[in-house]
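Here's the structure, in structure tokens; my notes come after.
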Amino acid sequence: MTSSVRSASPPPQRGSILGLEEADKRKKRLLVVLSQGLPTLPNYVLDLNALLSSASVDLKKVGSVIRTDPSLSAQVLRLCNSALFGLRRRVISIEQAAVLLGTERLRTLVLTCSLMQFAGKRLTGAQLMSFWQHSFLCALLSERIAHQVDYFEKEQAYLGGLLHDIGQLPLWIVVIEEEAKRHSLPPSDWSDNITAEREYFGMDHCKVGRSMAIAWNFMPSFVDVFEHHHNPERAQHDPYLVGIVAAADKFLLTQAETPSTPVADASPSSETPASEPDRPTFLQECLPLLAEAERQAVLEILQTEYIHLLPLVQLGVASATGEAGPPNRTSKIGDEA
């Protein structure tokens, strides 16, 4: 993968005193961003949580609360009307959005729009676009896996997939600040590389995501997802949920690393034995309790749904972020579109 931020100067040698000092400075700056630079959840989000969690949702009150933020209202309607959600009719009111999308997804859109507005002040459109493309793909694939394995909280799988990499946004803010100062930058493949992130920032996006989840009072299972989606075996509260999101995330990473290989070529019916490729291996790591036949079924779902969802998500995210067109592959934040 190619980073859109180029190295201004060679980074200090790993493990050197200078390198450790600079990493410590970046870590301190990162902690400042986490404590001061991130958006706090507005009061209306708490109000919406209460309204949308009630047994009988008052759509008029929901619409009234969302309309207190005109920018949020516009973003919610824009996202609802994008190709991402595939709605057959145009949404023209917040009340319609609540009915057509469901209360949980509307709640997610409120949080997502808030984060997009915040990050949009610091990151380029291309960076935001590739980040949300991966996030929405991971959300949809996590939801598909949850259906396949009969996980009872399918909406949580969707939300966990959508927000699992949210800890990357503060890291990118620090990188862009370092670039502006013409300081040394991380290697081009640092994004989602836990080792590289720790060496450059003094902490990785999983730890950052955990801090954000705790600050926003997310349920423990989501704290697990944010912190352990690279190591699902370490999850404590809901290992199955973390494994589902991790499986979707790792599958997408394999596609980003091998963009020239058609997804269909990796199907179990191809000439390559199913036990040899990396994809079934990561499914064993993420979902160890599944039988081999069940893992193969999950793999087929991932391969099939990915082909259908990729152009839809590209179009939807391009519309939501205001970009002219979608990137050509499942790049992560920082990849060139």
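Peptide packing: for 172-178, 220-226, the average count of neighbouring Cβ atoms within 10 Å per residue gives the ranking 220-226, 172-178, highest mean first. Between Asp47 and Asp24, residue separation times 0.36 nm minus the direct Cα-Cα distance comes to 4.4 nm. Beyond a 20 Å Cα-Cα separation, which of these cross-linked pairs lie in this structure: Lys154/Lys207; Lys60/Lys154; Lys181/Lys207; Lys27/Lys207; Lys207/Lys250? Result: Lys154/Lys207; Lys60/Lys154; Lys181/Lys207 exceed 20 Å. Amide H contacts of Asn81 (H built 1.01 Å from N, in plane; Pro and chain starts excluded): no residue 5 or more places away or on another chain comes under 5 Å. Using θ = phi - 60° in the Karplus curve 6.51 cos²θ - 1.76 cosθ + 1.60, the 3J(HN,Hα) couplings for segment 160-168 round to x, x, 5, 10, 4, 9, 4, x, 6 Hz; x is entered for Gly and Pro.
Applying 1/(1 + (r/R0)^6) with R0 = 41 Å to the Cβ-Cβ distance of Leu87 and His237 gives a FRET efficiency near 0.75. Counted over all Cα-Cα pairs of segment 151-228, pairs farther apart than 21 Å make up 33 percent. Computed from point charges on the beta carbon alone (+1 for Lys and Arg, -1 for Asp and Glu), the dipole magnitude for segment 197-244 about its Cα centre is near 100 Debye.
Every read-out reported here was derived from the displayed coordinates using simple, explicitly stated rules and does not represent laboratory data. This structure is a prediction, so every number in the text was calculated from the model and none was measured. FYI the Cβ positions are ideal-geometry reconstructions off the backbone, even for glycines, and counts take in every protein chain you see.
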